[in-house]
1. Helix 129-142 against the longest principal axis of the chain: what's the angle in degrees, Cα atoms only, rounded to the nearest 10?
2. With a sphere of radius 12 Å drawn around the Cβ of residue 15, what net charge do the other residues whose Cβ falls strictly inside it have (Lys, Arg +1; Asp, Glu -1)?
3. Any chance you could list the semi-axes, whole Å, largest first, of the equivalent ellipsoid that the Cα gyration tensor gives for the chain, using √(5λ)?
4. Within 12 Å, Cβ to Cβ, of residue 82, how many net charges do the neighbouring residues add up to if Lys/Arg are +1 and Asp/Glu are -1?
5. Of the peptides 119-131, 10-22, 91-103, how do they stack up when ordered by the mean number of other Cβ atoms within 10 Å, highest first?
6. Set the Förster radius R0 to 25 Å, insert the Cβ-Cβ distance between residue 102 and residue 27 as r into 1/(1 + (r/R0)^6), and round the FRET efficiency to 0.05.
7. Antiparallel versus total DSSP beta bridges in the chain: what percent is that, nearest 5?
8. Sorting check: for 36-43, 67-74, which peptide has the highest mean count of neighbouring beta carbons within 10 Å, and how do the rest follow?
Amino acid sequence: MAAALAEAERAAAAGEVPVGAVLVDAATGEILARGHNRVEALRDPTAHAELLLISEVARRLGAKRLTGADLYVTLEPCPMCAAAISFARLRRLYYGAYDPKSGGVDHGPRIFEQATCHHSPEVFGGIGERAAGDLLRAFFQARR
């Protein structure tokens, strides 16, 4: 999670909502990709950290399913990202801060609990929650 938090700090410094993520090979622990939100930089509402990493690794490996990968992200994924995590068949999801307003895993539509969800990863929320939450709060407080 430390690597994901470092990416979130990079996002904040770039004026992006401070969400960072790393995609890890579950067997070796090797980081396959790291990144952060790039919505502002790319002028793309889908440029969330999770989607960018899943796309990058799938393209690089030539695989549409990443069953041997775990995702670490600093904020509970939104419904769009939760659906992509399911479609990619990620093994585990570790996330930091809970997102009662826009989350899609433990809040909102709870994507992985829907009958239409084809795959549900193991989910571990609240990992590094305080650091991730503090970063998000500081970012938004500075903009008010």
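The values are calculated or read from the model by the stated rules, or taken from the named source; none is laboratory data. The structure displayed is predicted, hence computed values, not measured ones. Glycine also receives a Cβ, built like all others from the backbone with ideal geometry; neighbour counts cover every protein chain displayed. The protein model used for the area step is the full one, side chains on, heavy atoms only, and it has no ligands, DNA or RNA in it. Shrake-Rupley method; radii C 1.70, N 1.55, O 1.52, S 1.80 Å.
1. 40
2. Values: positive: 10, 38, 143; negative: 16, 40.
With Lys, Arg at +1 and Asp, Glu at -1, the net is +1.
3. Details: eigenvalues 98, 58, 40 Å².
For the chain, the semi-axes come out at 22, 17, 14 Å.
4. On the way: positive: 110; negative: 50, 76, 99, 106, 113.
Taking every other residue near residue 82 into account, the sum is -4.
5. Values: 119-131: 15.5, 10-22: 21.3, 91-103: 19.5.
In decreasing order of mean packing, 119-131, 10-22, 91-103 become 10-22, 91-103, 119-131.
6. Values: r = 32 Å, r/R0 = 1.29.
Efficiency for this residue pair is about 0.20.
7. Working: 10 of 18 bridges.
Rounded to the nearest five, the antiparallel share is 55 percent.
8. Values: 36-43: 16.9, 67-74: 23.8.
Ranked by mean Cβ neighbours within 10 Å, highest first: 67-74, 36-43.
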